[in-house]
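J.: The following block contains the structure, expressed as structure tokens.
Please treat every number below as a calculation from the coordinates, not as lab data. Note that this is a predicted model, so its numbers are computed, not measured. Cβ placement follows ideal geometry from the backbone for every residue including glycine, while neighbour counts extend to all protein chains displayed.
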Amino acid sequence: MIIQRTLMTCHKGVDLHAATAERVMRRRLEGGERLVGLARAEFHTFWQTEDAPAPETVERLLTVGRFYNPNKHHFAHFVLSGAGEPWAAIPARGDPLPGGWPGEVAATDLPAGDDDVLDRLLGGAIPADANAGGASVVDVCAFPLGETSAVLSGVLWRLALAPGTAEPAAVAGRLVEAKSAREGLLVNPHMQGWLASPARSRRA
């Protein structure tokens, strides 16, 4: 069985990368007016088998200083069993994320709570106002193609689309994959692959 371990980190304060990208997408991209929220997390993931564990450990990623700064990041460590092949080996272009991704929570610095850890880590991409009720959420993982190192690092983007958006997964895909000056922003298809979750409804 292949096990995927993922360290996810997210800014404790305002994420200027996500805030700037959200502003550009709303003002410049076709379909950007449907975007009501954008959040970002960095992920660092590796695959191992039960009989041949990977040399990397999440504990090492947390302490090496390159991936996580406790002064500015929150983190969560997820474990997904039966995850399939490493992502860098597949020419992913908006294919579905593995079922159950990112997996079970193994550790986090977030305070205990009953709600979803990934939702709390991302800080909730949906604004807490009445207009956000029923927004559709799509998670997109973007990563470099052809990566050969033990750890694959990339970016998780969470797009929240306005209630009533027709075919939200397709709208999210057009906002994500850069094809022209008015089509896409977050993924360079010549250098990156990306996997996406099915659209799901969220209420504020």
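J.: Along the charge dipole of the chain, which of Val64, Pro198, Leu35 sits closest to the positive end, that is, farthest toward it, with unit charges on the beta carbon of Lys, Arg, Asp and Glu (+1, +1, -1, -1)?
T.: Looking along the dipole axis, the top candidate is Leu35.
J.: Then there is this: Sort Thr45, Thr165 by Cβ crowding within 10 Å, fewest neighbours at the top.
T.: Working: Thr45 25, Thr165 20.
In order of increasing Cβ crowding within 10 Å: Thr165, Thr45.
J.: Mind giving me the nanometre distance, one decimal, between the label points for Ser180 and Met1, set 7 Å out from Cα along Cα→Cβ?
T.: Spacing of the two 7 Å Cα→Cβ label points: 4.8 nm.
J.: Also, I was wondering about something else. How big is D for the chain, in µm² s⁻¹ as a whole number, if Stokes-Einstein is applied with the Kirkwood radius of its Cα pairs at 25 °C and 0.890 mPa s? Write out the running numbers ahead of the final one.
T.: Working: Rh = 17.4 Å.
This corresponds to a translational diffusion coefficient of 141 µm²/s.
J.: Additional query: Counting only GluC sites (Glu not before Pro) that sit in a DSSP loop (anything but H, G, I, E, B) with at most 16 other Cβ atoms within 10 Å, what is the longest stretch of the chain containing none of them?
T.: Numbers: sites that count: Glu30, Glu50, Glu147.
In the chain, the maximal stretch lacking such sites is 51-146.
J.: Now for a separate question. Computed on alpha carbon atoms, what radius of gyration and Dmax characterise segment 1-109, expressed in Å?
T.: When restricted to the Cα atoms of segment 1-109, Rg and Dmax are 16.3, 51 Å.
J.: If the only charges are +1 at each Lys and Arg Cβ and -1 at each Asp and Glu Cβ, what is the size of the charge dipole of the chain around the Cα centre, to the nearest 20 debye? Write down the numbers at each step before the final one.
T.: Working: 20 positive and 23 negative charges, 173 e Å.
Computed charge dipole of the chain: roughly 820 debye.
J.: Another question, if that's okay. Place a label point 7 angstrom from the Cα of His190 along the Cα-to-Cβ direction, then list the residues of segment 1-24 whose backbone nitrogen is under 17 Å away.
T.: It comes to no residues whatsoever.
J.: How far apart, in nm, are the 7 Å Cα→Cβ label points at Glu59 and Val14?
T.: Label at Glu59, label at Val14, 3.9 nm between them.
J.: So which trypsin sites (Lys or Arg not before Pro) in segment 1-96 pass both tests, a DSSP loop state and at most 14 other Cβ atoms within 10 Å of the Cβ? The partial results should precede the final answer.
T.: Details: sites: Arg5, Lys12, Arg23, Arg26, Arg27, Arg28, Arg34, Arg40, Arg60, Arg66, Lys72, Arg93; in loops: Lys12, Arg66, Lys72.
Passing sites in segment 1-96 are Lys12, Arg66, Lys72.
J.: Sticking with this one: Taking 22 Å as R0, compute the FRET efficiency from the Cβ-Cβ separation of Ala150 and Ala112 and round it to 0.05.
T.: Numbers: r = 32 Å, r/R0 = 1.44.
Efficiency, rounded to the nearest 0.05: 0.10.
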